[in-house]
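The structure appears below as C-alpha cells.
We did not get these values from a lab; they are worked out from the coordinates using the rules stated. None of the values given here were measured: they were computed from a predicted structure. Backbone-built Cβ (ideal geometry, glycine too); neighbour counts: all protein chains shown.
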Amino acid sequence: MNLWILTEERPKKEVLKMIFEYFAKDQNCGFFGDSIRIIPLLYKDKTFSFTYEVIGFKCAKVDRIYIKTVSGSSSFTDFLVFYQDNLPTVKDTPLYAIEETKTDDKESRNTGVYQRCSKFVFIQNYYPKTKLVMLYALQVGQKEKPTETYIFGTRLLLTLGVEILGKKLDPNIFKPFTSIEELRIAKANMRPAPAGNIPIAINIADEDWIQVSGRLFKSGGLSHDPNIGALSIISAVIRKLGFKGKIEIIMHGLEQRHVGKTNKFVQIANVLGIELEGLTLPKATLPEDYWHYETKGEKLGTIFIHLVVENFTESYSIFENHAGCEKGYFVTKDGQHLALEKYADRDAYKAGDKNQIIYIPDLVLLDISETEVITIEGKKYEFKQNGIDELNNYDTFDERYLKVYYPEFKIVRTVVLYGSKNEQIAEIEVGFLLNENGKLVLGIKAPKLFKRAISNLLDYWN
DNA sequence: GCGCTCCATTGTTGACTACA
DNA sequence: TGTAGTCAACAATGGAGCGC
C-alpha cells in the first residue's frame, strides 16, 4: 500500500523523516533511507500532476509515498497521513493526524500550549479513529524544568490519547488524568493568575454539574484563542473521563450577540454538550468536509518552485514567510536563525504611522553558484499586478537583512504565479508561472536559478 | 468591512535571589 | 529577616490574512 501525506504547507524533509520513522515503528516494520528527496511527478507532456513523490525511504510495508497540498475547512492539523492504495478522499479515514510545532518551552505560556489543543478536539468530530500525534520538530535544547501550564496542557493531550513525539517526557510527571477530581486539583494547585484576570478553574458543583471558568470574549467577539483551546480540551477530557452531566463555562464575558453558528468554539460546544453561563447556545453544524484538495491558492506556485530548487539544485531557502503570521526565521551564512523585526520603528507604528511596517517577501532563495539572492513574491495569476507592485516594497528588508548578511550577493526580485490557463508571461517581473493545468512556464527574464532547477527537473523525467 | 482563525506579543504580579 | 531587583508564569490582548 502507499502512504499519502496531505498538508497545507511546504513539506520539510526533517519532518517527513520523523513521520516515516514513526510509521515504521508504529507498524513494526523495518526501514532504511537517510537522505530523502521530494520529486514533483510530471506527466508525459511535462505538465505537473500536482502530486509529489518522496524517494529515498524504503519500508517493507510501503510501496510509494505521495504528498498532496490541501486546505482545511476550519482548523486543520499540519499533516494527515493515509495508508492505502488509492488517492485519499475526505471519506477515507487517515491513519494519523499530526500537528507539528516548533514552539520551545521558553515560550510555553498559555498561547503555546493551549492554542493548538482545539485542533485535536475538532478533528475527532470527523475522524474519531485516527491516531493523534503532536510532533516537536525543532530541538533547540529542551528547557530543564517545564512550566506548570505546559505540564497541565500536555497531560490534557495525553488524556485525549494524543501521542507526543520528538520530546523526552518524564513519565512520572507527564501522565494522563485518571479522574475529574485529579484534573481539578492539578489546575487548582497551579500558580494563581494576576489580580483582575479570570483564572481557568474547574468547579465540581454537584455530581451532574461541572463549572469551568475562563474568559472567551476578546475584541468584540468569541475569539479568545488560548482559552478556546483550553476550555475545549478541558471539556473534552471531562467527557473522556466519563462525565455525562452538565458542563458549564462561567465568567466567559460573552453576550448573546457574540455567539454565532460558524464559530469554532460554538461548534465544539455543540458536539461536546457545553453550555455557556447565561446564554443560549445556538444549534450549529460543523462544516461537512474536514479538508479538500487545494486548487486555487498562490502557495501551489511557491511551494512548487521551492521544492524544485531544493531538490534539483544545490541551492536552498534562507527565508520563508508562512501563511498566516507564523514566525519565520532568516537564516544567516553560519546557520543562525534570526526572528525578523516587523516594524522599522515600533513606537512610530503604534502611534499610527503604517509606513513603519517592514514588508517581507514570501520566500528568499540563495543561488550560490551565481552569487544571487532571489526574493520571491507569490501570487495568484489574477493578482499578477499586485505582485509586481509589491516587489517595490522590499528596500527595508534588503537594507536590514540581505545586504547585511549576504553583502556579496546580487539581489534579484521576482514574482511567482499560480493559476490561469496561460502558457506565456509577458511581464519581465514574473519569473515563473505554474498554471492550473500544471504547465511550467518560465518568465522571459527568469532568475538563472529557476531555469537551472526546471531544466534539471525536466532532465530527470527524460 | 466584518467575522473568524491563527500565530504572536504584552501586562501584571508571584517567586526567587542577593544583600545588608 | 526585610527589601529591592529580576525573572518567570499566569491571563489578556494585538494584528495579519482570508472568506463572504
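Panel order for A:178, A:295, A:7, by other beta carbons found within 10 Å of each beta carbon, from fewest to most: A:178, A:295, A:7. When peptides A:42-48, A:198-204 are ranked by their average number of other Cβ atoms within 10 Å per residue, the highest-first order is A:198-204, A:42-48. Quick query: amide H of residue A:217 versus all other amide H atoms, modeled in the peptide plane; which residues come in under 5 Å with a sequence gap of 5 or more or a different chain? The list, which skips near neighbours in sequence, is A:254. Descending by average beta-carbon neighbour count within 10 Å, the peptides A:85-91, A:159-165, A:410-416 line up as A:410-416, A:159-165, A:85-91, the highest first.
Order of A:235, A:213 from fewest to most other C-beta atoms within 10 Å?
A:213, A:235
Of the cross-linked pairs A:119/A:244; A:283/A:380; A:168/A:218; A:380/A:439; A:119/A:218; A:61/A:91, those separated by over 25 Å at the C-alpha level are A:283/A:380; A:168/A:218. Here the Karplus curve 6.51 cos²θ - 1.76 cosθ + 1.60, taken at θ = phi - 60°, turns the phi angles of the range A:437-449 into couplings of 8, x, 6, 9, 10, 7, x, 4, 10, 4, x, 4, 4 Hz, with x standing for Gly and Pro.
Pull out a ≥ b ≥ c, the square roots of the eigenvalues of the alpha-carbon gyration tensor of chain A, then state rounded if a/c is under 1.5, prolate if not and a/b is larger than b/c, and oblate in the remaining case. Judged from the Cα gyration tensor, chain A comes out prolate (a/c at least 1.5, a/b above b/c). Across the range A:64-76, rounded Karplus estimates of 3J(HN,Hα) from the backbone phi angles (6.51 cos²θ - 1.76 cosθ + 1.60, θ = phi - 60°) give 10, 10, 10, 10, 10, 8, 10, 10, x, 6, 10, 6, 10 Hz, Gly and Pro being marked x. The ranking of A:134, A:18, A:1, A:190 from fewest to most other beta carbons within 10 Å of each one's beta carbon is A:1, A:190, A:18, A:134.
Taking the Cα centre of chain A as the origin and placing charges on Cβ (Lys, Arg +1; Asp, Glu -1), which of A:455, A:253, A:430 is farthest toward the positive end of the dipole? The residue sitting farthest along the positive end of the dipole is A:253. DSSP finds beta bridges in the range A:181-276, and of those with both partners inside it, around 45 percent are antiparallel. Over chain A, dividing the summed -39,500 (n - 2.57) contributions of all DSSP H runs of at least 4 residues by the number of residues returns a 222 nm mean residue ellipticity of -7000 deg cm²/dmol.
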